[in-house]
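Undergrad: First, the structure itself, so that you have it in front of you.
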Amino acid sequence: MYPPEYHVENDKQKSYRVIEECSFATVISKTEDDVIVTQLPLMLDKSRGKKGFLVGHLDRNNPHVPYLTEGSITVIFHGPNTYISPTVYQSSQLPTWNSISVHIKGKVSTLDSNEKVRDSIIHMTDFLEQGEERFVLDKNNQKMAGWLNYIVGFEIEITELVGRFKLSQDKSAEDMQLAKQHLINKSNQGSADLISDLL
């Protein structure tokens with residue numbers, strides 16, 4: 001089996017946590033002779049289906065749209081990841097890369113009304129807004145109403161949910177904790193330099 005069983009996270013709630021914390025997903029559909037990939041945020045709805053639903057929206061002109069109707073789809077949520085130098089470990093090891101991700105397969109369909117798309121955007125905004133001064137998107141917002149005809153909403157019924165948590169589980173308890181702390185430290189550093197250089 002790949003990945004090895006010790007890298008597979010079977011606790012559904014942990015995978016849900018990754019989806020909610022790292023909601024910017026990679027969405028992959030098979031076309032007639034290739035694949036098409038789009039990156040966008042998806043919201044998790046745990047109240048429906050055996051494993052939940054994902055809900056999102058995209059520009060109607062996106063070439064992915066025709067492949068969002070009653071077909072199979074793959075989604076990847078990428079969590080924290082980093083290079084692990086052998087110097088991180090207590091014991092002698094080789095270089096590696098640790099990562100957290102959730103891979104999903106599901107059945108996709110488009111939302112059948114502007115009202116459902118509107119409500120999904122309002123829900124997404126409410127979920128993503130943080131801090132004391134939270135923006136509230138009103139359902140009667142005229143700017144949003146004008147954009148709804150240019151947006152396609154869709155939902156994915158999750159049929160397969162696999163947490164792929166490569167976190168040095170094959171190492172000693174001490175080395176695993178050292179790798180865990182290294183991943184935390186690297187994640188906290190952020191990407192300020194990269195963002196500054198690119199913009």
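Undergrad: Would a scan of the stretch 7-20 turn up a residue that is part of a strand (DSSP E or B) and hydroxyl-bearing (Ser, Thr, Tyr)? Spell out the reasoning first.
TA: So in the stretch 7-20, the residues part of a strand (DSSP E or B) come out as 8-9.
Those still in the list that are hydroxyl-bearing (Ser, Thr, Tyr) too: none.
No - not one qualifying residue is present in the stretch 7-20.
Undergrad: A further question on this structure: Which members of the stretch 160-187 meet the condition of being under 19 Å from the mean Cα position of the chain (by Cα) and either surrounded by 15 or more Cβ atoms within 10 Å (Cβ to Cβ) or more than 26 Å from residue 92 (Cα to Cα) (or both)?
TA: Selection gives 160, 161, 162, 163, 164, 165, 166, 167, 183.
Undergrad: Another question about this same structure. Which ones in the stretch 47-70 are closer than 13 Å to residue 110 by Cβ and in a loop (DSSP other than H, G, I, E, B)?
TA: Hits for the stretch 47-70 are 60, 62, 64, 68, 69, 70.
Undergrad: Can I ask one more? Give 12, 46 a once-over and let me know the one that is touching a residue at least 40 places away in the same chain (Cβ under 8 Å), within 26 Å of residue 119 (Cβ to Cβ), surrounded by 13 or more Cβ atoms within 10 Å (Cβ to Cβ) and charged (D, E, K, R).
TA: Numbers: 46 fails: touching a residue at least 40 places away in the same chain (Cβ under 8 Å).
Testing whether each residue is touching a residue at least 40 places away in the same chain (Cβ under 8 Å), within 26 Å of residue 119 (Cβ to Cβ), surrounded by 13 or more Cβ atoms within 10 Å (Cβ to Cβ) and charged (D, E, K, R) leaves just 12.
Undergrad: Could you check, for the stretch 100-113, whether at least one of its residues is of a type in the set (Ser, Thr, Tyr), in contact with an Asp or Glu (Cβ under 9 Å, 6 or more places away or on another chain), at pLDDT 95 or above and farther than 30 Å from residue 176 by Cα?
TA: Going residue by residue through the stretch 100-113, those that are of a type in the set (Ser, Thr, Tyr) are 101, 109-110, 113.
Filter once more, so that each one left must be in contact with an Asp or Glu (Cβ under 9 Å, 6 or more places away or on another chain): 109-110.
Of the ones still in play, those that are also at pLDDT 95 or above are 109-110.
Those still in the list that are farther than 30 Å from residue 176 by Cα too: 109-110.
Within the stretch 100-113, one or more residues are of a type in the set (Ser, Thr, Tyr), in contact with an Asp or Glu (Cβ under 9 Å, 6 or more places away or on another chain), at pLDDT 95 or above and farther than 30 Å from residue 176 by Cα.
Undergrad: Now, a different point. What is the number of the single condition among (1) surrounded by 13 or more Cβ atoms within 10 Å (Cβ to Cβ); (2) within 24 Å of residue 184 (Cα to Cα); (3) aromatic (Phe, Trp, Tyr) that residue 67 does not meet?
TA: The single condition residue 67 does not satisfy is (2).
Undergrad: I need every pair where a residue in the stretch 100-118 that is in contact (Cβ under 8 Å) with a residue 60 or more places away in the chain and farther than 20 Å from residue 152 by Cα has its Cβ under 7 Å from the Cβ of a residue that is surrounded by fewer than 22 Cβ atoms within 10 Å (Cβ to Cβ) and among the small types (Gly, Ala, Ser), sequence separation at least 6 or different chains.
TA: So the pair list comes out as 100/79; 101/79.
The values are calculated or read from the model by the stated rules, or taken from the named source; none is laboratory data. Being a predicted model, the structure only gives us computed values, none of them experimental. Because the Cβ atoms are built from the backbone with ideal geometry, glycine has one as well, and the counts that use them run over all protein chains shown.
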